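First comes the structure, then the notes that go with it.
The values are calculated or read from the model by the stated rules, or taken from the named source; none is laboratory data. Since the model is a prediction, treat every value here as computed from it, not as a measurement. Neighbour counts run over all protein chains shown; Cβ positions are idealised from the backbone, glycine included. The accessibility values were calculated without ligands, DNA or RNA, using every heavy atom of the protein model including side chains. Shrake-Rupley method; radii C 1.70, N 1.55, O 1.52, S 1.80 Å.
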Amino acid sequence: MARIVMKFGGTSMAGTERIRRVARIVQRQQAAGHEVAVVVSAMSGETDRLVNFCREADPLYDPAEYDVVVAAGEQVTSGLLAMHLQAIGAKARSWLGWQLPVQTDDAHAKARIEGIDSDALLASMAAGEIAVIPGFQGLTADNRITTLGRGGSDTSAVAVAAAIGADRCDIYTDVDGVYTTDPRIVAKARKLKYVTYEEMLELASVGSKVLQTRSVSLAMKEKVRVQVLSSFIDDDAPAADTIPGTMIVSDEELEGIDMERQLITGIAADKNEAKITLTRIADRPGAVAQIFGPLAAANINVDMIIQNIAKDKGETDVTFTVPGADLARTQALLESQKEAIGYYRMISDGKVAKISVVGVGMKSHAGVAATMFRSLADRGINIQAISTSEIKVSVLIDADETELAVRVLHSAYELDASDEAA
């Protein structure tokens, strides 16, 4: 018998028939003798609908009240799944974030989990009850509802798995695993049997939509084994233990497994990027801190940063990227800090995309970046910015060239599946 956390995304929960299917998948795991907790997302499109209500009320809405609104989507699906499980004869109940509770900090709309009280949850599971938990939501020390950011249900699931000492966390999505790139862009993308935490962390951080970045980071920290599976399987399909998804594990666990490790694991693309350039900033100590300090205080994540060489008059331009969803807030904040920062002009571009190549093989092989730059140049794709890490190279390009760039790079690194494997 194993203790398993199962997480189902918005597409899996989109409507009565799909929730009924999820209930049957969950019941099969319990029937196999496992203790089961389920974490659910809101129905597909529901969070966007609720977010739009917030924006219509006030484009610069109060994040605390935003959380009250958008947390409602997961509450609905958790209750509905519990009902469907009960309807097919399974013992089940829903546990809202405040009932466990899931304790978070007070960074509304981007809260971080600080702890989960799992005693009542474990007792319920030990008694044969399926626990259904809404993802994405938590509670501050002063009892305000928080949400964890888009994709936060993945983090909720991993956090629950860590809190109850689960043997595995199964993430059910609309894809059947992690691929070398988006199969909708490259038909010959290959499904990977194993991905290391480190690789998945980089892929998630640069646009792979399979898992939220923070969920992978938490899984790596807490050593939670994560499996990515498809919820769109036939009713007579075998249990998740035998379905070939993608396992996300530590480097140590991969030791001894007979598998061929490639130089590059995958290509990721992210159109949720916006570029901002501040011109004619004084080239003096502390000038850059005046830009990024306020952004950090506002919980706005900055990614690529480029500071041009200072001009003769002692001025420089600074370019950086932020999530596209944060562009309006970033612009408003920088405008309010214009005098303190001392820039001349702010130039924004919301039509950019970040393309990244990721692989642990980069640690011991040279020439990965050169291949990337040459391949893009050969197709006339201009690079606007570059950032690197030990196992990643990312470039910023025009958003209209995203799919072309992904296809070019997927072929350049020979990641296409063979006809036999496709």
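Among the residues of the stretch 268-290, those identified as over 19 Å from LYS392 (Cβ atoms) and aliphatic (A, V, I, L, M) are ALA274, ILE276, LEU278, ILE281, ALA282, ALA287, VAL288, ALA289.
Given the criteria free of Cβ contacts under 8 Å to residues at least 40 places away in the same chain, out of contact with any Phe, Trp or Tyr (no Cβ under 9 Å at 6 or more places or on another chain) and hydrophobic (A, V, I, L, M, F, W, C), does ALA369 qualify? Yes, satisfied. Look at the stretch 308-329 and say how many of its residues are more than 28 Å from the chain's Cα centre (by Cα) and open to solvent by 60 Å² or more (accessible area, probe 1.4 Å). The number of residues fulfilling the criteria is 5. One residue stands out in the stretch 90-116 among those that are within 9 Å of GLN137 (Cα to Cα) and part of a loop (DSSP other than H, G, I, E, B): the one that is most open to solvent (accessible area, probe 1.4 Å), namely TRP98. Residues that are crowded, with 19+ Cβ neighbours inside 10 Å, more than 20 Å from the chain's Cα centre (by Cα) and either modelled with pLDDT under 95 or farther than 15 Å from GLY97 by Cβ (or both) within the stretch 30-62 comprise GLN30, HIS34, GLU35, VAL36, CYS54, listed in sequence order. Here the helices (runs of 4 or more DSSP H) wholly within the stretch 290-396 that include at least 3 residues being hydrophobic (A, V, I, L, M, F, W, C) are 327-336, 368-378. The one condition from (1) closer than 30 Å to THR402 by Cβ; (2) touching a residue at least 60 places away in the same chain (Cβ under 8 Å) that ILE145 does not meet is (1). Can you spot a residue in the stretch 67-87 that is open to solvent by 60 Å² or more (accessible area, probe 1.4 Å) and not in a helix (DSSP H, G or I)? No: the stretch 67-87 contains no residue that is open to solvent by 60 Å² or more (accessible area, probe 1.4 Å) and not in a helix (DSSP H, G or I).
Each residue in the stretch 330-359 was checked for being surrounded by fewer than 20 Cβ atoms within 10 Å (Cβ to Cβ) and over 30 Å from PRO285 (Cβ atoms), and 2 pass. Evaluating ALA127 against the criteria (1) at pLDDT below 95; (2) crowded, with 16+ Cβ neighbours inside 10 Å leaves one unmet condition, (2). Of all residues in the stretch 161-181, one or more are more than 21 Å from GLU403 (Cα to Cα), touching a Cys at 6+ places or on another chain (Cβ under 7 Å) and at pLDDT 85 or above.
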